[in-house]
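Undergrad: Take this structure, written in structure tokens, and hold onto it; I'll ask about it next.
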Amino acid sequence: CLPSGLRVVFQEDHSQPVVSVTSVIDRGSEVDPVGKEGIAHLVEHLWFRSQRGDLPSTWDLLKEMGATINAFTAQDVTTYMTVAPGAMLPAVLELEAQRLLGAVEGVTAETLTTEREVVRNELREGEAIDVGMDSLYAKLYPAGHPYSRSTIGTRETLDAIGLADVRSFVADNYTAPNTTIMVVGDVDPEATSAWLVQSFPAALLEGPGSECSARLPA
């Protein structure tokens with residue numbers, strides 16, 4: 001755990017020349033603003049559509065690296081999972097830093113509209129089969145409890161989410177103290193620590209507001 005509050009875990013496994021990077025944001029649908037349920041899940045989608053300058057989208061960059069990617073949003077967490085060739089680890093770590101610096105950078109109102117339709121399709125699929133944890137939680141928790149709300153939201157709440165809402169949600173929740181990064185696979189922890197120092201600005205490593213005292217090697 002670093003002074004900024006960012007938590008980083010390494011585990012070496014040299015059995016295959018690949019690396020797995022999993023980032024857990026300790027924020028999920030329970031912090032969705034009332035009337036904008038589904039925003040945490042929508043932000044998860046939009047991260048892959050983010051774009052820095054003239055570079056391809058995050059999704060395309062990861063695919064160009066040969067990465068396998070996935071993500072999910074639950075009540076308490078939003079989790080991003082990337083498996084890539086070991087040589088791609090520095091590039092993957094750079095994207096991890098960019099998520100905390102601007103998870104929806106380059107996302108436009110048009111992109112938001114497009115991705116909202118993707119989420120609506122997921123909502124329709126869930127309604128068609130009428131199963132899943134959202135239905136269970138609605139029965140387990142009383143109305144008004146954050147866990148009783150649908151992680152994916154409703155048609156009305158999704159319509160209420162604008163670009164300013166998305167940016168505000170990211171600024172409030174995608175922070176170093178809310179984040180744990182797990183790097184597992186064909187890695188050298190010392191070298192990976194050096195790459196983190198290079199990829200992550202000081203504000204994400206040495207920032208205030210945490211009881212953590214560990215430091216990455218320079």
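The values are calculated or read from the model by the stated rules, or taken from the named source; none is laboratory data. Worth saying up front: this structure is predicted, and the values here are computed from it rather than measured. Here the Cβ positions follow ideal geometry from the backbone for every residue, glycine too, while neighbour counts run over all protein chains shown. When the accessible area is computed, the model is the full protein with side chains, heavy atoms only, and any ligands, DNA or RNA have been set aside. Shrake-Rupley method; radii C 1.70, N 1.55, O 1.52, S 1.80 Å.
Undergrad: Show the residues, 5+ positions off or on another chain, whose built amide H is closer than 5 Å to the amide H of Val8.
TA: Close amide H contacts, sequence-distant or interchain: Leu2, Ile181.
Undergrad: For Asn173, what charge total do you get from the other residues with a beta carbon under 14 Å from its beta carbon, if Lys and Arg give +1 and Asp and Glu give -1?
TA: -3
Undergrad: In the chain, if the dipole is taken from +1 on Lys/Arg beta carbons and -1 on Asp/Glu beta carbons about the Cα centre, which of Thr157, Pro189, Val104 is farthest to the positive end?
TA: Projecting each Cα onto the dipole axis, the largest value belongs to Thr157.
Undergrad: Could you calculate the contour length gain from Asp26 to Asp76, that is, 0.36 nm times the residue separation minus the distance between their Cα atoms, to one decimal place in nm?
TA: Once the chain is fully extended between Asp26 and Asp76, it gains 17.4 nm.
Undergrad: Let me ask something else about it. When a/c reaches 1.5 or more, the comparison of a/b and b/c decides; with that in mind, is the range 147-195 rounded, prolate or oblate per its Cα gyration tensor? Before the final figure, lay out each step's value.
TA: Details: a/c = 3.63, a/b = 2.45, b/c = 1.48.
Judged from the Cα gyration tensor, the range 147-195 comes out prolate (a/c at least 1.5, a/b above b/c).
Undergrad: Separate question: Output wanted: per-residue J couplings in Hz (rounded whole) for the range 100-110, from phi through Karplus 6.51 cos²θ - 1.76 cosθ + 1.60, θ = phi - 60°, x for Gly and Pro.
TA: Coupling constants for the range 100-110: 7, 8, x, 5, 10, 4, x, 6, 9, 4, 5 Hz.
Undergrad: Show me 102-108, 141-147 ranked by packing, highest mean number of other Cβ atoms within 10 Å first.
TA: Details: 102-108: 18.7, 141-147: 11.7.
In descending order of packing, they fall as 102-108, 141-147.
Undergrad: Normalise the Debye intensity by I(0) for the range 34-84, one equal point scatterer per Cα, no solvent, then take log10 at q = 0.13, 0.15, 0.18, 0.32 Å⁻¹ and round to two decimals.
TA: Taken in order of the listed q values, log10 I(q)/I(0) reads -0.37, -0.47, -0.64, -1.20.
Undergrad: Remind me, what semi-axes does the range 65-114 give for its equivalent ellipsoid, largest first in whole Å, using sqrt of 5 times each Cα gyration tensor eigenvalue?
TA: 22, 15, 12
Undergrad: Leaving out ligands, DNA and RNA, what percent of the accessible area of the chain is carbon and sulfur, probe 1.4 Å?
TA: Values: 5810 of 10570 Å².
Summing carbon and sulfur atoms, their accessible area is 55 percent of the total for the chain.
Undergrad: Provide the convex hull volume over Cα atoms per residue for the range 57-171, in Å³.
TA: Dividing the Cα hull volume of the range 57-171 by its residues yields 132 Å³.
Undergrad: Also, I was wondering about something else. Given the options Pro56, Thr79, Ser23, identify the residue whose Cα lies farthest towards the positive end of the charge dipole of the range 21-94 (+1 on Cβ of Lys, Arg; -1 on Cβ of Asp, Glu).
TA: Final value for the positive-end residue is Pro56.
Undergrad: Starting with the highest mean, order 150-157, 161-168 by the number of other Cβ atoms within 10 Å, averaged over the residues of each peptide.
TA: Peptide ranking by packing, descending: 150-157, 161-168.
Undergrad: If Lys and Arg each add +1 and Asp and Glu each add -1, what is the summed charge of the other residues whose beta carbon sits under 11 Å from the beta carbon of Ser20?
TA: -2
Undergrad: Place a +1 charge on the Cβ of each Lys and Arg in the range 34-156 and a -1 charge on the Cβ of each Asp and Glu, then give the dipole magnitude about the Cα centre in debye, rounded to the nearest 20.
TA: Working: 11 positive and 18 negative charges, 43 e Å.
The dipole of the range 34-156 has a size of about 200 debye.
Undergrad: Give me the net charge for the shell around Glu110: Cβ to Cβ below 11 angstrom, other residues only, Lys and Arg +1, Asp and Glu -1.
TA: On the way: positive: Arg49, Arg116; negative: Glu115.
Result for the local shell: +1.
Undergrad: OK, next. State in Å² the accessible area per residue of the range 1-158; use a 1.4 Å probe, count heavy atoms of protein chains only, and round to the nearest integer.
TA: 48
Undergrad: If the only charges are +1 at each Lys and Arg Cβ and -1 at each Asp and Glu Cβ, what is the size of the charge dipole of the range 1-94 around the Cα centre, to the nearest 20 debye?
TA: 120
Undergrad: Still on this structure, please answer the following. Magnitude of the Cβ-charge dipole of the chain, K/R +1 and D/E -1, about the Cα centre, nearest 20 debye?
TA: That gives the chain a dipole magnitude of about 260 debye.
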